[in-house]
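Visitor: Pasting in a structure now, in C-alpha cells, and then I'll have a few things to ask.
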Amino acid sequence: MEGIITEFDIKDMHIFVPRQKLRNILLKGLEAHVKWGKYVEKYEVKSDNEVEVRLSGEKETKKYNCVIDCEGIFSAMRMSLLQKNDLYYSGAVMLNGIVENVCLEEDRSHVFAGDKMTRLFIKPFCKGKIMW
C-alpha cells in the first residue's frame, strides 16, 4: 500500500484512497477472473460454495464459488437476493471535497446550516487538509 496514504497524524481517522488505486489493490491476482462490462442475467445458488451464473452475452451458465456484484444499489441481483424492494430515494444529495485548510484554526468539525434542506459539514481530514 506504499504511496497511497499521505502524511497524517495518528489521531486522524480519515484516509483517502483514490478509487483507481483501491481497485488495483483489490484486483491484484484476480485480473483473469474479473468480467468487465457484464451483468448477471441468471443465477442459482447450488450450495454454500457454488453459484451457477449466466452473464450477459453468454449462452451457457458457469459455476463459480464467489460472485461479486458491482452494479450498484439498484442492481437486479441485489434485489433478487434481498427478495424485497425497501430502497427509496430520500431526495438527499451529497457532494464531497478535500481542500487545503486555510481557514479553520481549530482541529474540530463544523456544521453550517443553510435552509431546512442544506447543510455544510467541514471536518479535519489529514494534516493541513479538510473535508467538506
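The values are calculated or read from the model by the stated rules, or taken from the named source; none is laboratory data. Note that this is a predicted model, so its numbers are computed, not measured. Note: ideal-geometry Cβ built from the backbone for every residue, glycine included; neighbour counts use all protein chains shown.
Visitor: Restricting the search to region 58-74, which residues are surrounded by 11 or more Cβ atoms within 10 Å (Cβ to Cβ) and within 26 Å of the chain's Cα centre (by Cα)?
Guide: If the condition is that a residue be surrounded by 11 or more Cβ atoms within 10 Å (Cβ to Cβ) and within 26 Å of the chain's Cα centre (by Cα), then Tyr64, Val67, Asp69, Glu71 are the ones that fit.
Visitor: Within 18 Å of Lys46 (Cα to Cα), in a loop (DSSP other than H, G, I, E, B) and of a type outside the set (Ser, Thr, Tyr): is that true of Val93 in this structure?
Guide: In short, no.
Visitor: Between Leu95, Leu55, Leu87, which is at pLDDT 75 or above, at negative phi and out of contact with any strand residue (DSSP E or B) (no Cβ under 7 Å at 6 or more places or on another chain)?
Guide: One residue alone meets the criteria, Leu95.
Visitor: A follow-up question, please. Select from region 63-79 the residues that are closer than 21 Å to Leu27 by Cα and either in a helix (DSSP H, G or I) or charged (D, E, K, R) (or both) and list them in ascending order.
Guide: Residues satisfying the conditions are Lys63, Asp69, Glu71.
Visitor: Turning to a different aspect of this structure: So which of Leu104, Leu95, Leu55 ends up being within 21 Å of Ile130 (Cβ to Cβ) and surrounded by 11 or more Cβ atoms within 10 Å (Cβ to Cβ)?
Guide: Only one candidate qualifies: Leu104.
Visitor: Additional query: If you check Ile130 against the conditions, is it without any contact (Cβ under 8 Å) to a residue 60 or more places away in the chain and surrounded by 12 or more Cβ atoms within 10 Å (Cβ to Cβ)?
Guide: yes
Visitor: Kindly indicate whether Gly57 is touching a Ser or Thr at 6+ places or on another chain (Cβ under 9 Å), without any contact (Cβ under 8 Å) to a residue 24 or more places away in the chain and not in a strand (DSSP E or B).
Guide: No: the conditions fail for Gly57.
Visitor: Before we move on, is Arg78 surrounded by fewer than 10 Cβ atoms within 10 Å (Cβ to Cβ), out of contact with any helix residue (DSSP H, G or I) (no Cβ under 8 Å at 6 or more places or on another chain) and either of a type outside the set (Gly, Ala, Ser) or at pLDDT below 75 (or both)?
Guide: No, not satisfied.
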